[in-house]
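Here's the structure, in structure tokens; my notes come after.
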Amino acid sequence: MDTNHASERDLQERIRAGDESAFDSVFRTHYAHLVRMAQSVVREPALAEEIAQEVMLELWRRRESLQVEQTFRAYLIRSTRNRALNHIRHQRIVEREAAAAAVDPPSSPSAEDEVLGVELERAVRDAIDGLPENCREVFQLSREQGLKYAEIATALEISVKTVEKRMGHALAELRQRLAPWLPSGTGQRGRKTPV
């Protein structure tokens, strides 16, 4: 274990110093796994390769300020997963906006609706931000990025049961925090708006 740790630190130092052979070693060791990781999220081989290449390119670009806390494998997997999930998230936002524009032409909300909308949005964001990190991550991947439980399990390298448990905990906590905003809530917010 100490030998592995020492070689990781040595590689990190060599890459930071601009040693292309050290970077090449990291690339050859991890690239195929990063492509598989990205493909498990984006489901497109060519896009998965592009994401893995971007992660490796970013590693080289940022080499002088490189801080790998654990191992290159953990660092690169996390970077690849985040980049792949960001791609999915962006793609789904674009699709939603296109669908909404096609179906629902813009209308002018009343001042009261705008204020309530802003308050509700802030309450929802605060409630989500207040979740425990592991529950928040599962919730956001499911609700904000539209991933299925199996896709979340693959991306986070946990079981589907764990995803279900964390999601159940997140939903229970959100229901409690957002009770004043829910139709059955007893808060003094005036008009109730379902989330």
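Just so it is clear, none of the values below were taken in a lab; they were calculated from the coordinates. Remember, it's a predicted structure, so these values are computed and weren't measured experimentally. Glycine also receives a Cβ, built like all others from the backbone with ideal geometry; neighbour counts cover every protein chain displayed.
Data for the structure
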item	result
Rounded, prolate or oblate (a/c below 1.5 giving rounded, otherwise prolate when a/b exceeds b/c) for the stretch 2-90 by Cα gyration tensor	prolate
Gain in span if fully extended, residue 24 to residue 65, counting 0.36 nm per residue against the direct Cα distance	12.9 nm
Cα gyration tensor category, rounded, prolate or oblate, for the stretch 108-181 with a/c compared to 1.5	prolate
FRET efficiency for residue 101 and residue 54, using Cβ-Cβ distance with R0 set to 35 Å, rounded to 0.05	0.75
Pairwise FRET efficiency - residue 46 versus residue 161, Cβ, R0 = 35 Å, nearest 0.05	0.60
